[in-house]
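Here the structure comes first, spelled out in structure tokens, and everything after it is commentary.
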Amino acid sequence: DAAQLWQECLAEHLLGIGFVRGRSNPCVYFHPDKGLRVLVHGDDYASAGPVEALKWMKGELESRLEMKNVIVGHSSEAEVKDEGKILNRVIRATERGWQYECDQRHVEVLVQELELASNRSLATPGVDDVLNKQGEPEADNSEPLGVEDASTYRALAARCNYIAVDRADAQYAIKELCRDMAKPTVASWDRLVRVGRYFLGRPRAVVIFDWQQFADTIDVFTDANWAGCRTSRKSTSGGVAMVGRCCVKSWSKTQGTIAQSSAESELLATVRGATEGLGLISLACDLGMDMKELLIW
């Protein structure tokens, strides 16, 4: 009950000072008069808006709660910093706009736990097939891991899954790791080590949001790899959602059914892209932004 009562408490407070609660996402709030947009995650508030409006909100929150805060933005005021953290993700204000960076600690722990510090890094986080000398796909080693190794695999795969939210470059490879969490094998461990060696050479990934004119269209680019999984013959839907030149979301998802043709797998990927795009439009409306069009590519 504590979590539910806390959500009711903060909702009552925010609604009482003029915020409007999101319809598609009840954790999102918008203040139409102040131009403030707020996302609540547990007891963390991530807010965006004019500096004066953020100071006003800070005062309102401190009148009810004990809190720590930092304001990040493009301002010469001493109170406004160039860099801060939200849920351990780094938010950075630059001359060209904004930067967003994944929590580096998880990559460091992954490399340390796999003891990869002395290894050579790899250029890709995964491969579809491992080929033998004759150029034919080698069979995966399906021998199950021992109890202790399987437990370690699940813990590290879960950590990778957390990284994948912010690392589009490794989402497909990490998604494949998570599919093996129930019954990890020696081949699963080899794929985990490959992801770790990829991160060894690329421990950081910064998403750049340069200044641009307001865009009221969401462009969604989708694709699919027909029967990409050799075991289940299922395909993967992948895509990115762009607002102007900025990537606001990416995904890699195993399709729930076995596509009978490449056209069917592409159709399923397109439907997934449309679903993600409509969800972003709903979120934008909750944040007080009017997105007028959705384009699927």
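Worth pointing out:
- The value obtained for the chain, namely the Cα convex hull volume divided by the number of residues, is 182 Å³ per residue.
- Cross-link partners of Lys292 among lysines, defined as those whose alpha carbon lies under 30 angstrom from its own and excluding same-chain residues fewer than eight positions apart: Lys34, Lys249, Lys253.
- Largest to smallest accessible area among Val70, Val38 [probe 1.4 Å]: Val70, Val38
- Share, in percent, of DSSP beta bridges within the chain that are antiparallel, nearest 5: 90
- Built amide H within the under 5 Å cut-off of Val20, gap 5+: Phe30, His31
- The accessible-area ordering, largest first, of the residues Thr217, Thr275 stands as Thr275, Thr217, per a 1.4 angstrom probe.
- Spin-label pair Ser118-Ala215: with each label point 7 Å from Cα along the Cα-Cβ axis, the two points sit 4.7 nm from one another.
- Modelled label positions at Gln260 and Asp44, each set 7 Å beyond Cα in the direction of Cβ, lie 4.6 nm from each other.
- Sorting Thr124, Thr236 by solvent-accessible area of protein heavy atoms yields Thr124, Thr236, largest first, with a 1.4 Å probe.
- DSSP H segments from the chain that extend 15 Å or more along their own axis, Cα-based, with Kyte-Doolittle mean of -0.5 or above: 2-16, 51-62, 147-164, 186-201, 262-286
- Separation of alpha-carbon centers, the range 67-109 and the range 218-256, rounded to whole Å: 29
- Thr94 long-range amide H proximity, modeled H, under 5 Å: Gln99
- In summary, the aspartates and glutamates within cross-link reach of Lys81, defined as a Cα separation below 18 angstrom excluding same-chain residues under 8 places away, comprise Glu52, Glu95, Glu101.
- Counting only aspartates and glutamates at least 8 places from Lys68 when in the same chain, those with an alpha carbon closer than 14 Å to its own are Asp43, Asp44, Glu60, Glu79.
- Largest-first ellipsoid semi-axes for the range 210-297, taking √(5λ) over the Cα gyration tensor eigenvalues, angstrom: 29, 11, 10
The values are calculated or read from the model by the stated rules, or taken from the named source; none is laboratory data. Just so we're clear, the structure is a prediction, and the values are computed from it rather than from any experiment. Positions of Cβ are backbone-derived with ideal geometry, glycine not excepted, and every protein chain shown enters the neighbour counts. Please note that ligands, DNA and RNA were not included when accessible areas were found on the heavy atoms of the full protein model with its side chains. Shrake-Rupley method; radii C 1.70, N 1.55, O 1.52, S 1.80 Å.
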